[in-house]
1. If you check every pair at least six apart or on different chains, which have Cβ atoms under 8 Å apart with a residue in region 28-42 that is touching a residue at least 12 places away in the same chain (Cβ under 8 Å) and closer than 11 Å to Gly61 by Cα first and a residue that is in a helix (DSSP H, G or I) and charged (D, E, K, R) second?
2. Collect the residues in region 46-59 that are part of a helix (DSSP H, G or I), open to solvent by 90 Å² or more (accessible area, probe 1.4 Å) and of a type outside the set (Phe, Trp, Tyr), keeping them in residue-number order.
3. Mind checking whether some residue in region 29-45 is modelled with pLDDT of 85 or more, open to solvent by less than 90 Å² (accessible area, probe 1.4 Å) and either outside any helix (DSSP H, G or I) or touching a strand residue (DSSP E or B) at 6+ places or on another chain (Cβ under 6 Å) (or both)?
Amino acid sequence: MAGEGEPGSEKTFKLLGILDVQNIPCARESILYGSLGSLVVGLGHFLATSRVRRSFDFGMGGFVLTTLGC
């Protein structure tokens, strides 16, 4: 059948159009750790201050820093 077993027929998942999660070995773990880091930082800041918008900003910063750090 056409399309089966061809090397170029695999679908890849690109995050933000640039990060190919399936072909970069550490990308999956970095994204997972980044999401966990954003949850911890954002929720921790919210519990400490009860400010929703600022907690979201801290959560996004935690995601970026954790993802780039991993």
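1. Pairs found: none.
2. Result: Leu47, Val52, Arg53, Arg54.
3. Taking every residue of region 29-45 in turn, none turns out to be modelled with pLDDT of 85 or more, open to solvent by less than 90 Å² (accessible area, probe 1.4 Å) and either outside any helix (DSSP H, G or I) or touching a strand residue (DSSP E or B) at 6+ places or on another chain (Cβ under 6 Å) (or both).
The values are calculated or read from the model by the stated rules, or taken from the named source; none is laboratory data. Owing to the predicted nature of the structure, the values given are computational and were not obtained by experimental measurement. Glycine gets a Cβ as well: all are built from the backbone with ideal geometry, and neighbour counts include every protein chain shown. Surface areas here come from the heavy atoms of the whole protein model, side chains and all, with no ligands, DNA or RNA. Shrake-Rupley method; radii C 1.70, N 1.55, O 1.52, S 1.80 Å.
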